[in-house]
Amino acid sequence: MTQVPLQTRDLVAGKPAVPGAPLLSVENIHVEFRLDFGTVKAVNGLTYHVNERETVAILGESGSGKSVSAQAVMGIIDSPPGFVTDGSVKFRGVELLTMAEKERRQVRGERIAMIFQDALTALNPVFTVGWQIGEMFREHHGSTKKEGLDAAVELMDRVKIPLARDRVNSYPHEFSGGMRQRVMIAMALALDPDVLIADEPTTALDVTVQAQIMQLLSDLQEETGMGLILITHDLGVVAEVADRVVVMYAGDSVEKGEISDVYHNPAHPYTMGLMDSMPRHDVQKDRLNPIKGSPPDLMAIPAGCAFNPRCPYAQDICRVEKPHLHELGEAGRVSACHFVEEVRDARNRSGSRL
Amino acid sequence: MSDRVAITGDIELPDEHVDEATEDRVASLWGDAWRALIRKPIFVISALLILIMMVMAVFPGLFTSKDPRSCPLSEALQTPSAEHWFGTDVQGCDYYARTIYGARVSITIGLIVTTFALTIALVGGSISGYYGGIVDTLIARVTDMWFAIPTILGGIVILALFQNRGVAQVSLVLIVLGWPTMLRLVRSSVISVKETEYVDSARALGATDFRIITRHILPNSLAPVIVYATITVGVVIAAEAALSFLNVGLQLPAISWGLMISTAQNRILTSPHLLFFPGAVLSITVFSFILMGDALRDALDPKLR
Amino acid sequence: MLETAPEAGSDKKLGEPILTVNNLVKHYPITQGILFKRQIGTVKASDDVSFELHRGETLGLVGESGCGKTTTARTILRLETPTSGSVIFRGKDIFKMSQKELREVRREIQVIFQDPYASLNPRMTVGDIVAEAWRIHPEVLAKEKQQARTLELLEMVGLNPDHINRYPHQFSGGQRQRIGIARALALNPSVIVADEPVSALDVSVQAQVVNLLEDLQAELGLSYIFIAHDLSVIRHICDRVAVMYLGKIVEIGDEIQVYEHTAHPYTKALLSAVPALDPNAKQVEHRILLEGDVPSPADPPSGCRFRTRCWKAQEICAGEIPELILRDTDHPVACYFPERPA
């Protein structure tokens, strides 16, 4: 591995990094898609940050805007129809959204890398995996073909693809789903990024393979100290690997906090509903307690709190005023619920907790 | 990834909201497609042009009071004038009237050929695609071999065998040569729909093959076929003109655009209007069908909406 | 041959068997050539699968992709042509039935599919989708009663009956799955085969559908064959569970037996791979990380199919295929070295 000298780490596309700034911070970001039949408001004011060696999970169901927000961070939203209408994305304190595309490209892949759910479509079927991994070095470091291939073998070893030297010239379809995901991770790690965004990295995989991949990601994080943003709908995966969690609903966070705080003492009716909806393999549960209704239409997000039509605790104010994030006692803990204290008390009284 | 579902228009509504938001949207996919179509200028223009051509074919008298077969030689080869809008041809016939009456043959052949080829394709393609196995292998291979015959070349060879060549003969030849592409399309469309779970559901309910094909498979595999059939009408009209031009299509005294272009070629320098008017009308007609096919493709493909 | 073991350790009374699957085999030929196809191999998708489904119970088939759970279900429904074996329903072998007899049986055994987007004909209204069953089996319900019954069924699955004239694309994923359930119920079946019915749904909606399926079972006395890859969902909804690996059942028992007295190493690894919902669970530390991938079903290992990834494998495992029998365990297991309760 060619280690990037430390002093260049202090520069972000030629601009000086701000000392002490979080690795990546996203503030009040808004994304909308302007389509023929209306405007889809996919992300509406999301704010979060991730530090070195930290794993932050963005947890949400389909349509919550979790993937779109990651695409906004990467700067890979198709525009039109997608537009980042407001907000800020800072990498080591340097604003990315106002950066020229040429500079942005230096950050993308090199400093912030991303892996996707579907490794088969994310890899080009007509090139060998070695060529595709090597391309990162040829493109960004001007390596020769030979150097690129050697680096590819090294990376494939690092993501524990057996017989890397023999398989470097294989095509993506010759690999299993789990191995393809490893290839994607190898490509993402090629340039030793500071932040890795993993968008549903294990959703398409079987549970035993999922365990392998999550283990690999956490080993690699240990090794490189990168910040990991894990986008998923899977509460189990989040519980296992995340340090902090951001729960998203209708394009905005409803609750944020340290993972054990959120899981043991959820502070938003939506999070509570998710927990109660989950069947367990380790405990017998008589009856699931689902959230009623379905997620909102992003073209007509309910006024006030977006969750109010599905919320068992909703009052008049919830239908009018969008709740801001209330700070709670614990570190970094916030909840976007008008009645956070009441709701928590009610839940604790009823004794329905994990 | 799932987020993308929401932004491509497939929006999930909470139950209470469904009532208000979609009350007026009780519509089938065909209905939706129709509403998308009438908002498209390309569709409206091509549909209007096709409509005009159709009316022209059925009621030529609405467009001209002149008889295309009354040809005083004394008026031969006149250039366009107030009396003869498109001028006159070598025999002195009114060229405007002949162009109008020519629509009938072109449109008739276009529609007949497409209808019959489509029928063959729907039956053959459904059987081949749905049953698979040896039937499919046979039909598919025969289609492929047939497919290899170039339409115009095949048309020249076969039509040369006929002494008298009218609308029926030309149509027959174009049907015989035209079905393979459409059958291949129906077959692949049927195969993809056959694998869907709603077809499995129907089978699990005990539905007969006939029911499955007519109620489930065909309605859902029709969209690409309709698009192609629309374009085919235009292509057939052009093919008829080409065959007539090559003197293996319709014969005089039939009135067709292809024949008119064919006769005009000798006088292209002295009387260019003889080539221009039938050529322009032919191009507009073919173009309209192809445009309409494109508009339909956009409207019927839910992925593009 | 498998004798269904006495359900020791379980005080839940099992009903009589309503459906018995004996040695079901489904092999797909792998062919090559365009005009003259020749077989160059066989995918053993489902290989010698036997189990009983009892009246009123939910039997889970669980395993990873490629384990043959869906093939097994589709073959029972005769959506796939069986290679061999038998499925006895009401004393008759479904695999030997004529088309006419099969039509009758289809009234009794219905199916719910995974994909709520692909399982409904997009060109039919909800009313037509539900009522199609009676168009096919007019003897079940008189024409004039169909409309009322459709409304009743929609209500029963939690849909607004006013939406009877809407098309599938106007509903959300969870609502579409409810339409699929209403269609399955139209013929008053006694058995429902549910193939990953909640896998495509979001957690909160998934719980709604799971609850609905449970309620319908209690109300209508249905028996379910419930197929899923999600071990938590299976545990929640199933009375008995069969774990499959590469076309074979490796372990079958009631929910407690399989989840708490796990006997097969594969099941153990599978269960340990599921992330716990508790951030403090430290599950990772006791996790059995399986090496490598599932072998190809076209070329499965000799003997025990799990042996290539099993940490307990010995020479004997490569020889005879271990039978699914009681081995000092409280439920049948196909392993020479099963885990036994301490």
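The values are calculated or read from the model by the stated rules, or taken from the named source; none is laboratory data. Keep in mind the model is a prediction, meaning the values are calculated, not measured. Glycine gets a Cβ as well: all are built from the backbone with ideal geometry, and neighbour counts include every protein chain shown.
Quick rundown of the values:
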{"read-out": "Search result, residues across region C:271-293 that are in contact with a helix residue (DSSP H, G or I) (Cβ under 6 Å, 6 or more places away or on another chain) and in contact (Cβ under 8 Å) with a residue 40 or more places away in the chain", "value": "C:V274"}
{"read-out": "Qualifying residue in region C:258-277 (condition: surrounded by 17 or more Cβ atoms within 10 Å (Cβ to Cβ), of a type in the set (D, E) and either in contact with a strand residue (DSSP E or B) (Cβ under 9 Å, 6 or more places away or on another chain) or outside any loop (DSSP other than H, G, I, E, B) (or both))", "value": "no"}
{"read-out": "Residue under evaluation C:E155, criteria (1) away from chain A (no Cβ under 14 Å); (2) touching a helix residue (DSSP H, G or I) at 6+ places or on another chain (Cβ under 6 Å); (3) in contact (Cβ under 8 Å) with a residue 40 or more places away in the chain, criterion not met", "value": "(3)"}
{"read-out": "Which listed residue, of A:I133, A:I161, is in a loop (DSSP other than H, G, I, E, B), buried (at least 19 other Cβ atoms within 10 Å of the Cβ) and assigned by TED's automatic domain parsing to the domain that holds A:I77", "value": "A:I161"}
{"read-out": "Filter result for C:E291 (part of a helix (DSSP H, G or I), within 14 Å of chain A (Cβ to nearest Cβ) and more than 19 Å from the chain's Cα centre (by Cα))", "value": "no"}
{"read-out": "Qualifying residue in region C:20-36 (condition: modelled with pLDDT of 90 or more, within 14 Å of chain B (Cβ to nearest Cβ) and buried (at least 19 other Cβ atoms within 10 Å of the Cβ))", "value": "no"}
{"read-out": "Check on C:T125, more than 17 Å from C:I225 (Cα to Cα), surrounded by fewer than 22 Cβ atoms within 10 Å (Cβ to Cβ) and of a type in the set (S, T, Y)", "value": "yes"}
{"read-out": "Any chance C:G174 is out of contact with any strand residue (DSSP E or B) (no Cβ under 9 Å at 6 or more places or on another chain), surrounded by fewer than 18 Cβ atoms within 10 Å (Cβ to Cβ) and either modelled with pLDDT under 90 or away from chain A (no Cβ under 14 Å) (or both)", "value": "no"}
{"read-out": "Within region B:121-228, helices (runs of 4 or more DSSP H) holding 3 or more residues that are under 18 Å from the mean Cα position of the chain (by Cα) and surrounded by fewer than 20 Cβ atoms within 10 Å (Cβ to Cβ)", "value": "B:167-194"}
{"read-out": "Hits in region C:130-164 - residues which are among the basic types (K, R) and loosely packed, with under 14 Cβ neighbours inside 10 Å", "value": "C:K143, C:K145"}
{"read-out": "Filter result (away from chain C (no Cβ under 14 Å), over 30 Å from A:D10 (Cα atoms) and in contact with a Leu (Cβ under 7 Å, 6 or more places away or on another chain)) within region A:169-200", "value": "A:P172"}
{"read-out": "Number of positions in region A:60-92 that are touching a residue at least 12 places away in the same chain (Cβ under 8 Å) and assigned to a loop (DSSP other than H, G, I, E, B)", "value": "12"}
{"read-out": "Failed item, numbered, when B:E23 is tested on (1) at pLDDT 80 or above; (2) surrounded by fewer than 18 Cβ atoms within 10 Å (Cβ to Cβ)", "value": "(1)"}
{"read-out": "Residue match in region A:96-115 (condition: small (G, A, S), within 14 Å of another protein chain (Cβ to nearest Cβ) and on the phi < 0 side of the Ramachandran plot)", "value": "no"}
{"read-out": "Contacts under 8 angstrom Cβ, first residue in region A:281-300 being facing chain C (nearest Cβ under 9 Å), partner of a type in the set (S, T, N, Q) and part of a loop (DSSP other than H, G, I, E, B), 6 or more apart", "value": "A:N289/A:S352; A:S294/C:S172; A:P295/A:S62; A:P295/A:S64; A:P295/C:S172"}
{"read-out": "Matching entry among C:P197, C:P168 (being in contact (Cβ under 8 Å) with a residue 24 or more places away in the chain, more than 8 Å from chain B (Cβ to nearest Cβ), crowded, with 22+ Cβ neighbours inside 10 Å and farther than 24 Å from C:G60 by Cα)", "value": "C:P168"}
{"read-out": "Conditions (1) farther than 24 Å from A:S260 by Cα; (2) buried (at least 16 other Cβ atoms within 10 Å of the Cβ); (3) at pLDDT 90 or above; number of the one not met by A:M99", "value": "(3)"}
{"read-out": "Region A:34-67 - residue that is more than 17 Å from A:P201 (Cβ to Cβ) and of a type in the set (V, I, T) and, of those, farthest from the other protein chains (Cβ to nearest Cβ)", "value": "A:T47"}
{"read-out": "Answer from B:L246, B:L222, B:L218 - the residue that is within 14 Å of chain C (Cβ to nearest Cβ), more than 19 Å from B:M56 (Cβ to Cβ) and touching a residue at least 60 places away in the same chain (Cβ under 8 Å)", "value": "B:L218"}
{"read-out": "Wholly enclosed helices (runs of 4 or more DSSP H) of region A:227-282 bearing at least 3 residues surrounded by 23 or more Cβ atoms within 10 Å (Cβ to Cβ)", "value": "A:235-241, A:269-277"}
{"read-out": "Every residue from region A:201-226 that is in contact (Cβ under 8 Å) with a residue 40 or more places away in the chain, away from chain C (no Cβ under 13 Å), surrounded by fewer than 23 Cβ atoms within 10 Å (Cβ to Cβ) and out of contact with any Asp or Glu (no Cβ under 6 Å at 6 or more places or on another chain)", "value": "A:L220, A:Q221"}
